[in-house]
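The values are calculated or read from the model by the stated rules, or taken from the named source; none is laboratory data. Quantities reported herein were computed from a predicted structural model and do not represent experimental measurements. A quick note on method: Cβ atoms are made from the backbone with ideal geometry, for glycine too, and the neighbour counts reach across all protein chains shown. SASA here: full protein model, heavy atoms, side chains in, ligands and nucleic acids out. Shrake-Rupley method; radii C 1.70, N 1.55, O 1.52, S 1.80 Å.
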Amino acid sequence: MTPIVETLKGLWNGFVEFMTSIWNGVVSVATTAWNTIQPIIQAVWTAIQTYISTAIENIKTVITTGMQIVQGVWDAVWTIFTTIVQTVWTVISTVISTVLNVIAGIINTVTAVIKGDWSGAWEAIKGIASTVWEGIKTVISTVINAISTIISTVLGAIKNTVSAIWEGIKS
């Protein structure tokens, strides 16, 4: 039985050597393949990371620029709106105040004439004229200031928008 065991041992050892050489060949081929493919995979992965990072930065720049433009336009629109509302309010209150003061001046003039107080009547007429003149000056000044503010706001908004776009393009 010893020769059979020895034969089987020899066959087994031959089989193990054969399988080991095949395994070593497979490992060698796999290692060579991996060493060949690995730099390619690494280069592709790096390119993908760079592309995604660049895309995210570009999207971020576009969004930031867009938000700056929207903010600038909103600020300009709000400033124009409040300027118009304040101007209209000032004009309306000035006109109402002027009309009420003119009515009071007319009543004072008529009362002075009825009493025969010509000097008081003249002072009341001068007061009416002064009230009307001040009302006209206030309305004109308010409208001019409003127009100036609106023009300045629009020009500032245009400048800021162009600047935001330019900065977005540069980055």
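List the lysines whose alpha-carbon lies under 17 Å from that of residue 159, not counting same-chain residues fewer than 8 positions away?
Of all the lysines, those that pass the test against residue 159 - Cα under 17 Å, at least 8 places apart if same chain - are 170.
Rounded to the nearest 20 Debye, what is the dipole magnitude of the chain about its Cα centre when Lys and Arg each give +1 and Asp and Glu each give -1 at the C-beta?
Numbers: 7 positive and 8 negative charges, 77 e Å.
Roughly 360 debye for the chain.
Compute the relative contact order of the range 5-139 as a whole-number percentage, counting only Cα pairs closer than 8 Å that sit 6 or more residues apart in sequence. Before the final figure, lay out the partial values.
Values: 35 pairs, mean separation 24.3, N = 135.
Computed over the range 5-139, the figure is 18 percent.
How about residue 60: which aspartates and glutamates have a C-alpha closer than 15 Å to its C-alpha, ignoring those fewer than 8 places off in the same chain?
Leaving aside aspartates and glutamates fewer than 8 places away in the same chain, those within reach of residue 60 are 167.
Roll a 1.4 Å probe over the protein chains and send me the accessible area per residue for the range 41-100 in Å².
Values: 4490 Å² over 60 residues.
Roughly 75 Å² per residue, with all protein chains present.
Of the heavy-atom accessible surface of the range 56-171 (probe 1.4 angstrom), what whole percent is carbon and sulfur? Each step should come with its number before you reach the end.
Working: 5990 of 8150 Å².
It is 73 percent, rounded to a whole number.
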